[in-house]
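Take a look at the structure set out below.
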Amino acid sequence: QVQLVESGGGLVQPGGSLRLSCAASGSIFSVYAMGWYRQAPGKQREFVATVTRRDSTNYADSVKGRFTVSRDNAKNTVYLQMNSLKPEDTAVYYCNAATMSKNYWGQGTQVTVSS
């Protein structure tokens, strides 16, 4: 089992920045990639960004150039630095940990971009 705890969400004005954190615990050795997904009201959950154990990253087109995903293996933590935020980035952001057999999810953290 892998447990994930997110933090760092909140309210920010358009053009602002936020950094999300996700701390992992449990059977971390089995995790080969960690990342972020988001779900806006009335929409399906969508991929945002991911980083592998070897620091290979992948981003959704909608966030490329604005968001940066990174991981600190010593702290078992993955981060999502979000810059130039737009109202359409408003969503609940979920941390994800992928193993060969299962995906694990955090509880979600709300990000609201509004003036």
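The values are calculated or read from the model by the stated rules, or taken from the named source; none is laboratory data. Note that the structure is predicted; figures quoted are calculated from it, not measured. All Cβ positions, even for glycine, are placed from backbone atoms using ideal geometry, and neighbour counts span all protein chains on display. In case anyone asks, the SASA skips ligands and DNA or RNA and just uses the protein heavy atoms, side chains included. Shrake-Rupley method; radii C 1.70, N 1.55, O 1.52, S 1.80 Å.
The table below gives the values:
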{"item": "Any chance S101 is open to solvent by 30 Å² or more (accessible area, probe 1.4 Å), modelled with pLDDT under 95, over 18 Å from S7 (Cα atoms) and part of a loop (DSSP other than H, G, I, E, B)", "result": "yes"}
{"item": "Index of the failed condition, T68 passing every other in (1) farther than 21 Å from K43 by Cβ; (2) modelled with pLDDT under 95; (3) out of contact with any Ser or Thr (no Cβ under 7 Å at 6 or more places or on another chain)", "result": "(2)"}
{"item": "Long-range neighbours under 8 Å by Cβ, at least six apart or interchain, first residue more than 17 Å from A74 (Cα to Cα) and at pLDDT 90 or above within the stretch 47-60, second basic (K, R) and surrounded by 12 or more Cβ atoms within 10 Å (Cβ to Cβ)", "result": "V48/R38"}
{"item": "Per-region count, the stretch 48-63, residues in contact with a strand residue (DSSP E or B) (Cβ under 9 Å, 6 or more places away or on another chain) and open to solvent by 60 Å² or more (accessible area, probe 1.4 Å)", "result": "6"}
{"item": "Test result for V92, in contact with a strand residue (DSSP E or B) (Cβ under 6 Å, 6 or more places away or on another chain), under 17 Å from G8 (Cα atoms) and modelled with pLDDT of 95 or more", "result": "yes"}
{"item": "Residue count, the stretch 82-98 (criterion: aromatic (F, W, Y) and open to solvent by 70 Å² or more (accessible area, probe 1.4 Å))", "result": "0"}
